Amino acid sequence: MKISSFNLKAKNYIKAGICAAVLTTSAVINKCSRTVTPIILKDTVEFTHPTTAKLLTYIENGQRYSKTIYVPNQPAPNILSKDSIQNFKQVPKIILYTLKTLPDTMEVYYKVYCGKADKAIQKALGHKQNIVTAGNGVSGKDSIIIASGEKAGINDYISQHAADSLFNNAINQKDSILQANITPQAYKNLKQYEKDAVITYLYNVNENILKKQDAKRNIPESFFECLNQGKLAEVQSKFNIKPSAKEAEGGIAKRNLIQMLIFGNGRIYDNKYSIKTFENTLNIIKNRRDSKKIVKEILTILREYKVDEKNLCETEQKIKDFMRSK
């Protein structure tokens with residue numbers, strides 16, 4: 001399976017997303033809040049790491065740029081051009097919400113697009129090529145290359161199966177990087193939510209950043225070294241990547257905070273380093289006009305992923321107290 005330049009996004013850390021749809025219509029009700037999540041009806045790829053894929057799907061929210069269309073003649077094409085997709089009838093959302101599974105006559109297609117944050121970071125770095133995205137973070141230079149070798153350019157569409165195949169391969173690749181940089185015992189000791197948070201972080205952050213040591217910093221050990229040594233609070237404090245362009249700052253702060261809290265199963269470790277990162281990240285969000293919306297999206301994703309509710313309620317109160325402070 002061919003992956004379309006995933007390291008481009010790792011080097012630039014250019015994606016930030018919001019809450020995505022889950023497999024069936026659901027209502028999640030708890031003591032602290034009430035959230036309702038809509039649908040995504042068709043699984044076409046069996047993910048090697050299903051909980052990691054679930055988390056990334058929430059964060060990347062590829063459904064924002066998708067169309068579900070009627071494709072009566074199977075097999076469905078892997079790629080549809082921006083013009084040819086107009087020849088297919090789109091399935092109304094009201095129908096989608098009544099289905100328990102997507103029939104063979106319907107297919108989900110993801111648009112290939114270049115996001116505002118992507119453009120801003122490419123400009124800041126002095127790069128002329130566009131970084132395009134389709135599905136849940138599948139990316140490439142000017143086009144997406146699927147397994148067959150076919151290319152999809154901006155405003156073209158690729159099938160969910162093609163996009164999810166690339167998505168699954170990318171997750172496996174990041175898991176391999178994690179295993180290559182920590183001991184087998186350290187990998188075995190990781191709880192599933194910790195592993196999901198780290199792989200999700202690697203999905204958009206170059207591995208060299210996680211290898212970096214710096215004797216001048218408060219925590220001289222690298223991200224991977226802290227994992228090896230079981231320094232979980234210190235690891236949590238290192239979910240602090242910054243973008244190359246200010247336009248992406250809010251989205252990346254949101255993503256960092258989600259990953260921190262997934263790693264802590266809903267809590268921030270009582271450690272000066274993790275608390276500092278937590279507050280610095282919240283401060284970026286607090287200074288945005290849409291801060292309330294961002295906080296709501298963060299909490300929604302954490303509850304959809306199902307972190308420990310008691311931990312999250314305590315953290316939610318800390319977030320509210322910080323956002324109200326002067």
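Key figures for this structure:
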read-out: Student exercise, the stretch 213-326 dipole from Lys, Arg, Asp, Glu Cβ charges, in Debye to nearest 20; value: 520 debye
read-out: Inter-probe distance in nm under a simple model that places probes 7 Å from Cα toward Cβ, at N280 and T51; value: 2.8 nm
read-out: Difference of contour (0.36 nm per residue) and Cα-Cα distance, Q229 to T183; value: 15.6 nm
read-out: For T277, net neighbour charge (Lys/Arg +1, Asp/Glu -1) across residues whose Cβ lies under 12 Å away; value: +2
read-out: Under Karplus coefficients 6.51, -1.76 and 1.60, residue-wise ³J(HN,Hα) of the stretch 159-173 in Hz, glycine/proline x; value: 5, 4, 4, 5, 5, 5, 5, 5, 4, 4, 4, 5, 4, 4, 4
read-out: Three-way shape label, the stretch 238-326, alpha-carbon gyration tensor, a/c 1.5; value: rounded
read-out: 3J(HN,Hα) from dihedral phi, the stretch 231-240, Karplus parametrisation 6.51/-1.76/1.60, rounded to Hz, x for glycine, proline; value: 8, 5, 5, 5, 4, 4, 5, 8, 7, 9
read-out: K306-I94 pseudo-label distance in nm [points 7 Å out on the Cα-to-Cβ vector]; value: 3.4 nm
read-out: Cβ crowding within 10 Å averaged over residues, with 295-308, 90-103 ranked highest first; value: 295-308, 90-103
read-out: Summed side-chain charge close to I258 - residues other than I258 whose Cβ falls under 12 Å, Lys, Arg +1, Asp, Glu -1; value: -1
read-out: Separation in nanometres of the label points that stand 7 Å from Cα toward Cβ, at Q173 and K151; value: 1.8 nm
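No lab work stands behind these numbers, since they all come straight from the coordinates. Just so it is clear, the structure is predicted and the values come from calculations on it, not from any experiment. Cβ: placed from backbone, ideal geometry, glycine included. Neighbour counts: every protein chain shown.
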